[in-house]
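Input: a single structure, listed below in structure tokens.
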Amino acid sequence: MSNTILFPAGAELRLRLSVGGNFPYKWQIYEYNGANTPEPLDNGSDGRGEGSTIATASKIEQGVQRRFVWSVAVVSNDDPIEVDVTGQVLDGKRLVGEVKGPITIKKPFTNCFVHLWVEGIP
Amino acid sequence: MKRPLLLSAVLLVSIGAHANAQSSALPPPPAARSADAEPPTPAPAPAAPQGAPLPPAPGPAPGADATGLSERAGQTFERLQTTVERVPDNPAVDLIGAEDLQITKPGSVKELGAELRGLYKDGKIVPQVAIEFSPFALTLGRSSGFEAYRTTSYIRFLRRITASLATTSVGVGNDETIMGAIGLRFRIVDGTDWRLNDAAIQCAFEALATPPPAGGRMPSGTIVPGPEPSDEAKKKVSKCFTDHVRWNATQWAVGMAVSSAFPQGEVQADIHDLATWTSATFGLGDHAQLVLGGKYLFSDTRLEDGVRVPARHTAAATGRLELRKKQYGLIFTAGSGARWSNDMTGWRREAIGLFGAEAQLAIGGDKWISLRFSGEVSGGEKDRLVSIANLKWNYDISGGK
């Protein structure tokens, strides 16, 4: 089963990351180029409760597949605990699709990667 | 009517090094705690920012009482001084007096399930188990974001609730009884909450960097751990938490626990003890804090060494004032409590008062020396001792802890 998210071609692609467990985190999103090399796209953090977790990745053309990966560093001062990490694709405010999985957060911080593919459709 | 009185005192000198651990819980019991009672699990001292006042030194070594009289008073009032001044981190463990147990903190519902299954084997309760977890963090909190925590008070309240379970055993062979308890702890106000500490979080963000991903084609939906942080990076980020915690931040916690006795491990519904605690700390400027605590304990009637002990109610309250400068600290404590028991002839009341003081002096590095004094005054219808005093010295060098 493919987890590739189908997205309307021509619409502005918005990508949102969320980390559960009420942990602050810092992120950098990359896009893979044709040579499968990650190139920095955008970055931010959720460290003051502002929810600044959305990156804009311009538009996507029909039939084209774009591959993204978030590099995330989650800060913790708690005992190890498993939380859900979610990567979402938005068309404006509308949720088009998401990927979700568990990760165990340890103190003082934990790194993780979230891979997400998007394909343009009519 | 002449009021019977029991008075005992403990004077104690110790040398040591303060712990440099950080805790989000209420501060540890006072260093001036009476040496007579059972020593609780050593709680970490709150971390102090650089250049901050001298942090609390560890309490006295166990078994410091020589006469046994203080021990009797301490037991009579359910370890009044050691357990009243703070809400225990794990109320269930505290209620059954199993502080030596290794506490397991499951990080997922799956792990919790495995631990709970381990509590019951071959139709019997298994002893020597202690579990502590946040019900919210393991369930709804898995997906709850940082923004929600910062902006929503009930999310903070739920996230700070911890549940605890513990079992231990008393007696051996046919006389073995499993003691089990469940408890809840509520951190209602927590000025040491690292999630609300902007300076600590900003410091952590500045100290760490997100690692670059590898090339290749990982499938969509793949969520994998990144590289393990270096020790240096961990140290830098950890330092942010210790450097930006206010030692005398305001806190308020409430705890409760109920225990039951299971003869031979057989499951049965029977309340053995029931306790509630509350404690609060208030910062007084940069160099002082006031700690107030209260405890209520109900102990149901039971057989002890073949003798039926009547049900009893115990209530106690204590206060502690701490003054701390870079080179020295002064601590004053006072408390009182009463116990009511029904011994078939009617309700009988006993009272106890506690007082203490401690001076701590930094002698270089993280070494300190302290002089402590504590005393107890109790009144009961059978006690005939007017006053007893003892001198106790404790010498403990624990540098580098």
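Can you work out which of the residues in region A:54-79 that are over 25 Å from B:Cys203 (Cα atoms) and of a type in the set (A, V, I, L, M) is surrounded by the most Cβ atoms within 10 Å (Cβ to Cβ)?
A:Val69
Among the residues of region B:137-157, what is the count of those that are more than 10 Å from every other protein chain (Cβ to nearest Cβ) and among the hydrophobic types (A, V, I, L, M, F, W, C)?
1
Any idea how many residues of region A:39-48 are surrounded by 13 or more Cβ atoms within 10 Å (Cβ to Cβ) and either more than 8 Å from chain B (Cβ to nearest Cβ) or modelled with pLDDT of 90 or more (or both)?
Result for region A:39-48: 3.
How many residues are part of a strand (DSSP E or B) and either at the interface with chain B (Cβ under 7 Å from one of its Cβ atoms) or touching a His at 6+ places or on another chain (Cβ under 7 Å) (or both) if we restrict to region A:87-109?
So the count comes out to 5.
Under 9 Å between Cβ atoms, at least 6 apart or on separate chains: pull out the pairs that start in region B:293-312 with a residue that is more than 16 Å from B:Leu274 (Cβ to Cβ) and end on any residue that is outside any strand (DSSP E or B) and charged (D, E, K, R).
Here the result reads B:Gly293/B:Glu85; B:Gly293/B:Arg86, each pair linking region B:293-312 to a residue that is outside any strand (DSSP E or B) and charged (D, E, K, R).
If we keep just the residues of region B:90-127 that are within 14 Å of chain A (Cβ to nearest Cβ) and in a loop (DSSP other than H, G, I, E, B), which is nearest to B:Leu184 (Cα to Cα)?
B:Asn90
Go through A:Gly51, A:Gly21 for me and flag whichever is on the phi > 0 side of the Ramachandran plot and either surrounded by fewer than 19 Cβ atoms within 10 Å (Cβ to Cβ) or modelled with pLDDT under 90 (or both).
Going through A:Gly51, A:Gly21 in turn, the sole match is A:Gly51.
Kindly indicate the residue of region B:218-254 that is among the β-branched types (Val, Ile, Thr) and within 23 Å of the chain's Cα centre (by Cα) and also nearest to A:Cys112 (Cα to Cα) among those meeting that condition.
Per the criteria, the residue is B:Thr242.
Which numbered condition in (1) within 26 Å of B:Asp89 (Cβ to Cβ); (2) in contact (Cβ under 8 Å) with a residue 24 or more places away in the chain; (3) touching a strand residue (DSSP E or B) at 6+ places or on another chain (Cβ under 8 Å) is the only one that B:His244 fails?
Checking B:His244 against (1) within 26 Å of B:Asp89 (Cβ to Cβ); (2) in contact (Cβ under 8 Å) with a residue 24 or more places away in the chain; (3) touching a strand residue (DSSP E or B) at 6+ places or on another chain (Cβ under 8 Å), the one that fails is (3).
Name the residues in region B:190-240 that are among the hydroxyl-bearing types (Ser, Thr, Tyr) and under 30 Å from A:Ile5 (Cβ atoms), would you?
Passing the criteria: B:Thr210, B:Ser220, B:Thr222.
Among the candidates B:Ala275, B:Ala257, B:Ala261, which residue alone is in contact with a Ser or Thr (Cβ under 9 Å, 6 or more places away or on another chain), over 30 Å from A:Phe113 (Cα atoms) and surrounded by fewer than 20 Cβ atoms within 10 Å (Cβ to Cβ)?
Of B:Ala275, B:Ala257, B:Ala261, the one residue that is in contact with a Ser or Thr (Cβ under 9 Å, 6 or more places away or on another chain), over 30 Å from A:Phe113 (Cα atoms) and surrounded by fewer than 20 Cβ atoms within 10 Å (Cβ to Cβ) is B:Ala261.
Which condition number in (1) under 30 Å from B:Ile161 (Cα atoms); (2) assigned to a strand (DSSP E or B); (3) at pLDDT below 85 is the one that B:Gln268 fails?
Only one criterion in (1) under 30 Å from B:Ile161 (Cα atoms); (2) assigned to a strand (DSSP E or B); (3) at pLDDT below 85 is unmet by B:Gln268, namely (2).
Within the set of pairs 6 or more residues apart or between chains, which connect a residue that is of a type in the set (Ser, Thr, Tyr) inside region B:186-197 to a residue that is assigned to a loop (DSSP other than H, G, I, E, B) with Cβ atoms less than 6 Å apart?
Close Cβ pairs satisfying both conditions: B:Thr192/B:Ser24; B:Thr192/B:Val245; B:Thr192/B:Ala249.
Scan region B:246-254 and tell me whether some residue there is farther than 30 Å from B:Asp175 by Cα, within 14 Å of another protein chain (Cβ to nearest Cβ) and surrounded by fewer than 16 Cβ atoms within 10 Å (Cβ to Cβ).
no
Modelled with pLDDT of 90 or more and over 17 Å from B:Val224 (Cα atoms): does that describe A:Arg66?
It is true that A:Arg66 is modelled with pLDDT of 90 or more and over 17 Å from B:Val224 (Cα atoms).
Going through region B:174-213 one residue at a time, which ones are assigned to a loop (DSSP other than H, G, I, E, B) and within 28 Å of the chain's Cα centre (by Cα)?
B:Glu176, B:Gly191, B:Thr192, B:Asp193, B:Asn197
Of the numbered conditions (1) out of contact with any strand residue (DSSP E or B) (no Cβ under 6 Å at 6 or more places or on another chain); (2) touching a residue at least 40 places away in the same chain (Cβ under 8 Å), B:Ser279 fails exactly one; give the number of that condition.
Unmet condition: (1).
Would you check which residues across region B:131-183 are closer than 21 Å to B:Leu196 by Cβ, β-branched (Val, Ile, Thr) and crowded, with 21+ Cβ neighbours inside 10 Å and list them?
Within region B:131-183, B:Thr162 is the sole residue that qualifies.
The values are calculated or read from the model by the stated rules, or taken from the named source; none is laboratory data. The model shown is predicted, which means the values in this text are computed figures rather than measured ones. Heads up, the Cβs are rebuilt from the backbone with ideal geometry, glycines too, and the neighbour counts pull from every protein chain shown.
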